[in-house]
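Everything on this sheet refers to the single structure shown next.
The values are calculated or read from the model by the stated rules, or taken from the named source; none is laboratory data. Note that the structure is a prediction, hence the values are computed from the model and not measured. Neighbour counts are summed over all protein chains in view; Cβ atoms, including those assigned to glycine, are modelled from backbone coordinates with ideal geometry. Side chains are part of the model used for accessible areas, which takes the heavy atoms of the whole protein and leaves out ligands, DNA and RNA. Shrake-Rupley method; radii C 1.70, N 1.55, O 1.52, S 1.80 Å.
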Amino acid sequence: RAPSTQHDIWVWIHGTGVDGVLDTATAITAVLASIGDLVDETDCFVYHDSRDLTGFIDGTANPGASNAASVALIADGLPGAGGSHVIAQRWVHDLDSFNELDVEPQQRVFGRTKVDSVALPREVRPADAHIMRAELLDDTGAEREIYRRSVPFGSVGERGLYFLGFSCERERFDGMLAQMFGTTGD
């Protein structure tokens with residue numbers, strides 16, 4: 001299940017230290033206090049060498065620096081130009097069950113190797129592997145990319161991944177979600 005928790009304002013704060021992030025969050029909350037209440041916050045962190053709590057690297061298929069802006073930002077002349085469509089998802093993981101799997105079945109879940117994040121060859125990659133379901137192609141077979149940024153969150157009791165996707169077009173998220181939730185008929 002994927003409950004929707006819509007809010008009017010969303011703020012993402014990224015920093016190199018908890019102190020600076022907390023100070024910034026406190027200041028932003030104070031500025032916005034006259035127009036709304038803080039209803040949710042998720043503290044995240046960098047884990048090892050930018051892996052998620054499953055041990056896999058997330059976002060390895062991101063566009064390069066020269067293409068990132070055109071993928072993530074709405075083009076000039078369109079409503080919202082210079083901004084971005086954003087999807088924020090908070091995935092709670094059952095890491096105990098996942099970690100019971102050997103490395104090879106874990107790699108089939110994601111469709112890439114765990115140690116170095118190399119995509120498994122298409123002929124052995126399961127159709128329901130994460131990278132197969134998250135890759136959105138247009139009518140010509142070209143990928144309709146998004147820019148991804150994900151970080152782990154949690155404690156011993158509840159752990160997971162906070163996923164952020166940035167796109168110049170909202171429809172890219174709709175297509176990816178339909179594929180990931182299995183509503184595309186394939």
Over the range 120-156, the set of residues more than 22 Å from Phe181 (Cα to Cα) and open to solvent by 80 Å² or more (accessible area, probe 1.4 Å) is Glu123, Thr140, Val156
Residue pairs within 7 Å by beta carbon, gap of at least six or interchain, first lying in the range 69-82 and at pLDDT 95 or above, second open to solvent by 70 Å² or more (accessible area, probe 1.4 Å) and assigned to a loop (DSSP other than H, G, I, E, B), listed first then second, are Gly82/Leu73
Restricting the range 86-106 to residues that are more than 18 Å from the chain's Cα centre (by Cα), exposed (fewer than 14 other Cβ atoms within 10 Å of the Cβ) and of a type outside the set (Val, Ile, Thr), the one nearest to Ser155 (Cα to Cα) turns out to be Asp96
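Specify which of the listed residues (Ser34, Ser4) is over 15 Å from the mean Cα position of the chain (by Cα) and open to solvent by 100 Å² or more (accessible area, probe 1.4 Å).
Ser34
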Listed by range, helices (runs of 4 or more DSSP H) wholly within the range 86-142 having at least 1 residues that are among the aromatic types (Phe, Trp, Tyr) are 95-100, 103-110
Review point. Could you say whether any residue in the range 62-70 is over 30 Å from Val118 (Cα atoms), out of contact with any helix residue (DSSP H, G or I) (no Cβ under 9 Å at 6 or more places or on another chain) and exposed (fewer than 11 other Cβ atoms within 10 Å of the Cβ)?
Key: no
State yes or no: is Ser66 in contact with a strand residue (DSSP E or B) (Cβ under 8 Å, 6 or more places away or on another chain) and hydroxyl-bearing (Ser, Thr, Tyr)?
no
Among the residues of the range 40-49, are any more than 26 Å from Leu177 (Cα to Cα) and in a helix (DSSP H, G or I)? no
Report task. Would you be able to say whether some residue in the range 110-118 is within 20 Å of Arg172 (Cβ to Cβ), open to solvent by less than 70 Å² (accessible area, probe 1.4 Å), small (Gly, Ala, Ser) and in contact (Cβ under 8 Å) with a residue 24 or more places away in the chain? Result -> no
Picked from the range 164-186 (must be farther than 19 Å from Trp10 by Cα and among the polar types (S, T, N, Q)), the residue least open to solvent (accessible area, probe 1.4 Å) is Gln179
